[in-house]
Amino acid sequence: MIYFVYPWLALLFFAPFLIRAFFKTDKSFNQGALKIPFLKDFSLIGKVSNSFALNKNLKAFSKSFLFLLLVWGFLVLALMRPVSVSEPLRLQNKGRDILLVTDISTSMLEEDFAYQNKMFSRLDAVRVVVADFVQKRLNDRLGLILFGTRAYLQVPLTFDKKALFDVLTSMQAGMAGQSTSIGDAVALALKTLKESKTDKQNQVIILLTDGESNDGNMSFAQALKLAKDEGVKIYTIGVGAPSFSIAQAFFGIQNSDLDEEGLKKLAEETKGRYFKVTNLSELVGVYQKIDDLELQDYEQSVVYPQKELYYWPLLIAVFLFTAALFLSLFENARRSS
């Protein structure tokens with residue numbers, strides 16, 4: 001669709017006729033050394049402006065005047081500022097930056113999550129539930145940190161959900177080490193969010209672990225103080241760890257007890273919440289609660305892309321005037337010869 005920003009400027013097209021109607025042509029102009037071939041046409045403008053029979057009187061004008069009138073018409077069209085409007089675009093409001101910090105130590109191999117009479121490992125349950133959570137966060141940038149003995153930023157904050165799904169599908173317990181370094185994981189998450197330009201109130205960390213911090217360069221207490229100072233909200237999820245497990249019996253895995261007190265304090269100090277889960281349905285419920293707590297604004301702003309078109313009639317006017325000038329010079333040169 002095309003519209004004019006200043007449609008009322010179309011009245012300027014009649015300016016030459018109005019000039020003649022209110023101002024008389026000075027005849028002395030025709031007696032000077034400078035001769036303007038179409039000046040005599042202004043004597044006819046008064047007659048035309050007082051008559052509705054414009055088509056009948058146009059024949060009385062010289063071709064030069066009509067040509068210049070055409071140029072003036074294109075100039076007026078450019079002044080009216082024609083604009084092309086495209087189909088509306090719906091822009092989603094900016095969401096949150098959410099870092100998923102997930103424990104992949106070997107204790108996550110414990111198969112104590114039941115679903116439809118089948119047992120799943122904690123890691124497999126986390127893989128499915130987190131993938132569903134990611135799919136629901138339409139407006140957010142999400143990142144993924146996996147940790148064990150060491151913490152690694154596997155997926156930086158991004159809108160690319162496929163990158164997250166690929167890592168969730170391929171992650172394996174023990175690939176980051178057998179022990180648990182919660183302090184390092186929290187510190188890496190805070191460092192990653194600090195580099196983001198998103199407001200602190202729109203930054204969230206979701207920490208999931210089934211053990212206590214027993215390794216790493218930063219202690220749990222240091223990480224807690226750092227998190228409190230940064231002011232980033234942290235939700236903590238503790239996966240229940242029984243004292244005896246299949247992983248311990250067959251693989252000799254040292255399964256540490258869950259540090260619930262530490263996780264609770266970390267969540268409270270950062271204005272988040274702590275959740276304890278022991279089965280798949282509880283894990284699904286926890287991520288649903290977090291999804292509800294971190295409400296997304298789905299209102300969309302609508303913009304109409306616009307493209308300026310004034311330069312087209314302007315270019316045509318310049319081209320026509322230039323062509324008329326050259327033709328006039330050529331005609332005068334031909335007559336002189």
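Structure above, values below:
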quantity	calculated
Single condition Met80 does not satisfy, out of (1) modelled with pLDDT of 80 or more; (2) open to solvent by 60 Å² or more (accessible area, probe 1.4 Å)	(2)
Residue in the range 94-104 that is under 28 Å from the mean Cα position of the chain (by Cα), open to solvent by 30 Å² or more (accessible area, probe 1.4 Å) and either at pLDDT 90 or above or of a type in the set (S, T, N, Q) (or both) present	no
Boolean, Gly262 is outside any loop (DSSP other than H, G, I, E, B), modelled with pLDDT of 85 or more and among the small types (Gly, Ala, Ser)	yes
All positions within the range 211-239 that are open to solvent by 30 Å² or more (accessible area, probe 1.4 Å), within 23 Å of Gly95 (Cα to Cα) and not in a helix (DSSP H, G or I)	Gly231, Lys233
Entirely in the range 110-169, the strands (runs of 3 or more DSSP E) that have 1 or more residues that are more than 30 Å from Met218 (Cβ to Cβ) and either touching a His at 6+ places or on another chain (Cβ under 8 Å) or in contact (Cβ under 8 Å) with a residue 24 or more places away in the chain (or both)	113-115, 118-120
Qualifying strands (runs of 3 or more DSSP E) (wholly inside the range 270-337; at least 3 residues being at pLDDT 80 or above and touching a helix residue (DSSP H, G or I) at 6+ places or on another chain (Cβ under 9 Å))	274-277
The range 1-22 residues that are small (Gly, Ala, Ser), paired with ones that are open to solvent by 90 Å² or more (accessible area, probe 1.4 Å) (beta carbon under 8 Å, 6 or more apart)	Ala21/Asn50
Residues located in the range 175-210, provided they are of a type in the set (D, E, K, R) and either farther than 19 Å from Glu110 by Cα or assigned to a strand (DSSP E or B) (or both)	Asp184, Lys191, Lys194, Glu195, Lys197, Asp199, Lys200
Where a residue in the range 261-274 is open to solvent by less than 80 Å² (accessible area, probe 1.4 Å) and its partner, wherever it lies, is polar (S, T, N, Q), with Cβ under 7 Å and at least six apart	Leu263/Thr236; Leu266/Thr236; Ala267/Thr236; Gly272/Thr236; Tyr274/Thr236
Residue count, the range 112-125 (criterion: touching a strand residue (DSSP E or B) at 6+ places or on another chain (Cβ under 6 Å) and modelled with pLDDT of 85 or more)	2
Selection status of Ser86, open to solvent by 10 Å² or more (accessible area, probe 1.4 Å) and at pLDDT below 90	yes
Residues of the range 240-259 that turn out to be part of a loop (DSSP other than H, G, I, E, B), modelled with pLDDT under 50 and of a type in the set (Gly, Ala, Ser), as a count	5
Extreme residue, nearest to Ile206 (Cα to Cα), among residues of the range 138-161 that are among the charged types (D, E, K, R) and open to solvent by 10 Å² or more (accessible area, probe 1.4 Å)	Arg141
Extreme residue, farthest from Pro156 (Cα to Cα), among residues of the range 195-227 that are at pLDDT below 90 and basic (Lys, Arg)	Lys200
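Matching residues to (1) farther than 14 Å from Arg150 by Cα; (2) among the aromatic types (Phe, Trp, Tyr); (3) open to solvent by 80 Å² or more (accessible area, probe 1.4 Å); (4) touching a strand residue (DSSP E or B) at 6+ places or on another chain (Cβ under 8 Å):
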{"position": "Ala163", "(1), (2), (3), (4)": "yes, no, no, yes"}
{"position": "Ser179", "(1), (2), (3), (4)": "no, no, no, no"}
{"position": "Gly183", "(1), (2), (3), (4)": "no, no, no, no"}
{"position": "Ser196", "(1), (2), (3), (4)": "yes, no, no, yes"}
{"position": "Asp199", "(1), (2), (3), (4)": "yes, no, yes, no"}
{"position": "Asn202", "(1), (2), (3), (4)": "yes, no, no, yes"}
{"position": "Thr209", "(1), (2), (3), (4)": "no, no, no, yes"}
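The values are calculated or read from the model by the stated rules, or taken from the named source; none is laboratory data. Everything numeric here is computed off the predicted structure, so don't read it as measured data. Positions of Cβ are backbone-derived with ideal geometry, glycine not excepted, and every protein chain shown enters the neighbour counts. When the accessible area is computed, the model is the full protein with side chains, heavy atoms only, and any ligands, DNA or RNA have been set aside. Shrake-Rupley method; radii C 1.70, N 1.55, O 1.52, S 1.80 Å.
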